[in-house]
Structures are given as structure tokens and as C-alpha cells.
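Reviewing the structure listed below.
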């Protein structure tokens, strides 16, 4: 048997031996049945619209999302000049640049804030015996460090529990329609997430070098900065890029709150019932998110490489 045949046989064997869940299969079938029923159910369970009317609405919507020149001529080659016109109209390129600027600034602020707060949040560094090494008597130092760790971890919990959209609404009411309102909303939420992840990485990191630094008289922050942080930096940077690509998506959505970005243009086109322009900007945002995901994946793959 050749190597390709052996590989195919191995794959077939693994496929036959894979675990099967009747409950999962039944659940998927049930969900599909419920979706079909919800689409075709009569009153009072279904919509006030008949299935025929819903299909007509769907066909009309699919026609309206075609670029206006294409609807008139039927030639899709007319879509490219139309796309260029829409990208340049109403500050389209500026909106794309502002979306990326909001993303990058918010991610940088969140990463910097988490990096500064992680040593305070680490339970292994804040207790009386850091990394298991007894640090001598400290009448007030140990309780203060434990209190600071509890306060910072509680702050991380609260911040990551606040939705970016809600934070954006509050900050827009305070700052007005300013991009900094969206930047701060994203940064505040992501500080909670990155801080929590960074503290967990720090608490679970190998500590031999840090223990040596402490045993030779180094302080907690010194041992963290010179030993733990370099050892865990790639992992923390991977988390940073994971949140960065999420910020790209959220910055697009938060633009619907009134700051000129892609989200604002999408909401403006929807209000004008210009569904072709709305879908164009949605697809443009999806391309930016895709590019961000690819860049983030490439960086994280590079960081994981030996």
C-alpha cells in the first residue's frame, strides 16, 4: 500500500471511530424543523405577513441591494465605477481610516493599561509569600497588596462586563460625537479582558527565573519585569492581537452611534433606504475585518513558532 493509500485508510478509520452524539444530531434536526415552522407558521404564531408576501419582500430586497447602475443596465461591469464613487462620496475613505484609527488607538490603550495593571492583579505576586518565597514580616504591606489585587481583579470583572455599545452611548453623552468616545469605550472594555487574561498567564507561567531573582533580593516588580514578562510576552501579545481583531468589528458597529466611520455610513444608507450602498459598506467593513483577522492570525502564528 502506497503512502497516500495508507493516509486515506487512516483518515477513513478515524472517521469511522469518531464519537457520535444522537442528542446533538436530534438537536440540530429539531432546530432546523423549528426554523422551517417559524418561517411558514400561520397566525397567531407566525408573522402577520403571508409566506408569499415574505418571499416577495425577499426578492425585492435582493433586487434593491444590486448597485443602482446594474439594476438599470443589467451589466455588472457598471458596478466598479459605482463602487469607486461611493467610496469617495461622503468621506468614505476617511470613514475607513477613522475606523482603523479608532481600532488601533483603543487596542493600544487597552494593551498598555492591562500591561501596567497585571502585576497588581497577579495573586502569586500579591500574596505574602510571592511565588512561594517567604518575604519576611510586613505589618501593612501584605494586606495592602492583597487589597490592591482584589480591587484590580474586581475592576477587570466590571469593565469586561460592560458592553462597548453601552459605554459608547454614555461617553457620547459626555463627550459629544467625538471619536474619542468610541476609543475609550473599546479601551475600557478590553482592559478588563486583557487584564484578566494577562493575570492568568502570569499566575500560570514558569517561575524558576523569577524565584531566583526574588531569592537574590529582587523585588516583586523587578522579578516580574525581568523574568515573568519576557517569558510570557508572546502569549500576552497573542491575546492582544486577538482582541485587536475584535476591536475592528466593534469599531465598525459603534460607528452607528453617530461618529463618522463605516458604521455611520451603513446606518445613514439604511435610513435613506439605499440598500445597495448599505450592503456595499457592510461588505467593505467585512473586508477590513477579514484583513485584520489574517494579519492577526499571521502574527500569532509567528509568535507560536519556535
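Where a number appears in this text, it was derived from the coordinates with a stated rule and is not lab data. Just so it is clear, the structure is predicted and the values come from calculations on it, not from any experiment. As a convention, Cβ positions derive from the backbone with ideal geometry for all residues, glycine included, and neighbour counts pool all protein chains shown.
Observations, loosely collected:
- Sorted ascending by nearby beta carbons within 10 Å, beginning with the fewest, 296, 223 become 296, 223.
- Ranked 159, 287, criterion: other C-beta atoms within 10 Å, fewest first: 287, 159
- Exposure proxy ranking for 302, 249, based on other Cβ atoms within 10 angstrom of each Cβ and starting from the fewest, stands as 302, 249.
- Each of the peptides 145-151, 186-192 was scored by the mean count of other Cβ atoms within 10 Å over its residues; in descending order, highest first, they stand as 186-192, 145-151.
- Per residue Cα convex hull volume in Å³ - calculated over the chain: 274 Å³
- Nearest-0.05 FRET efficiency for residue 304 and residue 61, computed from C-beta distance (R0 45 Å): 0.55
- Inter-probe distance in nm under a simple model that places probes 7 Å from Cα toward Cβ, at residue 84 and residue 116: 4.7 nm
- Comparing 28, 125, 109 in a Gaussian network model of the chain, where Cα atoms under 10 Å apart are tied by springs, the biggest mean-square fluctuation is seen for 28.
- If R0 is taken as 41 Å, the Cβ-Cβ distance between residue 237 and residue 147 corresponds to a FRET efficiency of 0.85.
- Normalised contact order of the chain, rounded percent, pairs of Cα under 8 Å and 6 or more residues apart: 20 percent
- Helix 229-254 axis, angle to the chain major axis (alpha carbon atoms, nearest 10°): 30 degrees
- Cα-based helix-to-principal-axis angle, 51-64 vs the chain, degrees rounded to 10: 80 degrees
- Gaussian network model of the chain, springs between alpha carbon atoms under 10 Å - residue of 117, 262, 80 with greatest fluctuation: 80
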